[in-house]
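The values are calculated or read from the model by the stated rules, or taken from the named source; none is laboratory data. Given the structure is predicted, the values throughout are model-derived calculations rather than measurements. Note: ideal-geometry Cβ built from the backbone for every residue, glycine included; neighbour counts use all protein chains shown.
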């Protein structure tokens, strides 16, 4: 429409995007479908400690638990496991990350390399004094 010396243009623009299907694997650890013993152990641990406002457990709460591994795991191995679980360097773990931590500890206890890719639904619960 023309009004005075200005032209007003009215257009409706509709964009219709289909969802993108990425062929690139998502970053970060993949979900770990923990088995019943690991789930039970994680639930027990979360019941023992006061959780943060978002339902997480702090590094200071989890370190003494990790150190009760039987057989004992070196500080280097435990540090590597923590890094695999706390990828964002937040200083705390959510329930699913604790389950991953337990699975990685179990792999290390039997002499395997703690690797997120090696975790399966058959990964046994680790032996931790006070939780088993």
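Scanning the stretch 107-125 for residues that are in contact (Cβ under 8 Å) with a residue 60 or more places away in the chain and buried (at least 21 other Cβ atoms within 10 Å of the Cβ) yields a count of 3. The C-beta contact set for the stretch 73-100 (first residue free of Cβ contacts under 8 Å to residues at least 40 places away in the same chain, second residue surrounded by fewer than 19 Cβ atoms within 10 Å (Cβ to Cβ) and assigned to a helix (DSSP H, G or I), distance under 7 angstrom, 6+ apart or interchain) comprises 91/59. Looking across the stretch 21-51, the residues that are over 17 Å from residue 66 (Cβ atoms), surrounded by fewer than 15 Cβ atoms within 10 Å (Cβ to Cβ) and at pLDDT 90 or above come down to 40, 43, 47, 50.
Could we say that residue 93 is within 13 Å of the chain's Cα centre (by Cα) and closer than 20 Å to residue 129 by Cβ here?
Numbers: within 13 Å of the chain's Cα centre (by Cα): yes; closer than 20 Å to residue 129 by Cβ: yes.
Yes: the conditions hold for residue 93.
Among the residues of the stretch 65-91, those identified as touching a strand residue (DSSP E or B) at 6+ places or on another chain (Cβ under 7 Å) and either crowded, with 19+ Cβ neighbours inside 10 Å or under 14 Å from residue 42 (Cα atoms) (or both) are 65, 69, 85.
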